[in-house]
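Asks: Structure below; questions to follow.
The values are calculated or read from the model by the stated rules, or taken from the named source; none is laboratory data. It should be emphasised that the depicted structure is a prediction, and the values quoted were computed from it without experimental measurement. Neighbour counts run over all protein chains shown; Cβ positions are idealised from the backbone, glycine included. These accessible areas exclude ligands, DNA and RNA; they are computed on the full protein's heavy atoms, side chains included. Shrake-Rupley method; radii C 1.70, N 1.55, O 1.52, S 1.80 Å.
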Amino acid sequence: QVHLVESGGGLVQAGGSLRLSCRFTRLITSTFNPATLGWYRQAPGKQRELVATITGDCTTTYAESVKGRFTISRDNARKTIYLQMNNLKPEDSAVYYCNGQSQELPWGQGTQVIVSS
């Protein structure tokens, strides 16, 4: 069964914005709410990398490459996390995934982001 459902990717020009969503379909509220969750991405030929994390009390961290451009947030009622991506660059092109901090859940399909120059 699907644990993670990512959406919101697409094709955008450099400088544009996208908002990604990820729903954690099988986590119960008592597990989701305190959990540290994250967005990851994998570009062709590269390893998957951590982009941003958010704790249960909404403390956030970001990879240096996206600081000041990306914002992670969460909606506990919807068991969903978001990634607002602004001022996108071609090097942001990748498949974006969500998971727990320890990557403990089966990976979802991801959502593809393509940024054209």
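Asks: Is there a residue in region 24-37 that is under 30 Å from Ser117 (Cβ atoms) and part of a strand (DSSP E or B)?
Replies: no
Asks: What are the residues in region 61-117 that are of a type outside the set (A, V, I, L, M), in a loop (DSSP other than H, G, I, E, B), in contact with a Leu (Cβ under 9 Å, 6 or more places away or on another chain) and more than 19 Å from Val2 (Cα to Cα), if any?
Replies: Across region 61-117, the qualifying residues are Arg69, Asn86.
Asks: Oh, and also: Return the pair list, or none, for Cβ contacts closer than 6 Å from residues in region 43-64 that are more than 14 Å from Gln101 (Cα to Cα) to residues that are small (Gly, Ala, Ser) and modelled with pLDDT of 95 or more, at least 6 apart or on different chains.
Replies: Ala43/Ala94
Asks: Further, regarding this structure: If only one of Gly68, Gly56, Gly15 is within 17 Å of Ser116 (Cα to Cα), at pLDDT 95 or above, open to solvent by 20 Å² or more (accessible area, probe 1.4 Å) and not β-branched (Val, Ile, Thr), which one is it?
Replies: When all the criteria are applied, what remains is Gly15.
Asks: Condition check: over 19 Å from Ala14 (Cα atoms) and either in contact with a strand residue (DSSP E or B) (Cβ under 9 Å, 6 or more places away or on another chain) or open to solvent by less than 50 Å² (accessible area, probe 1.4 Å) (or both). Does Ala43 satisfy that?
Replies: Judged against the criteria, Ala43 is not a match.
Asks: Could you identify the single residue in Lys67, Lys79, Lys89 that is at positive phi and charged (D, E, K, R)?
Replies: Lys79
Asks: Ok, one more. Examine region 49-62 for a residue that is of a type in the set (A, V, I, L, M, F, W, C) and farther than 19 Å from Gly8 by Cβ, and state whether such a residue exists.
Replies: Yes; the residues of region 49-62 include at least one that is of a type in the set (A, V, I, L, M, F, W, C) and farther than 19 Å from Gly8 by Cβ.
Asks: Could you count how many residues in region 71-110 are open to solvent by 40 Å² or more (accessible area, probe 1.4 Å) and charged (D, E, K, R)?
Replies: Total satisfying the criteria: 5.
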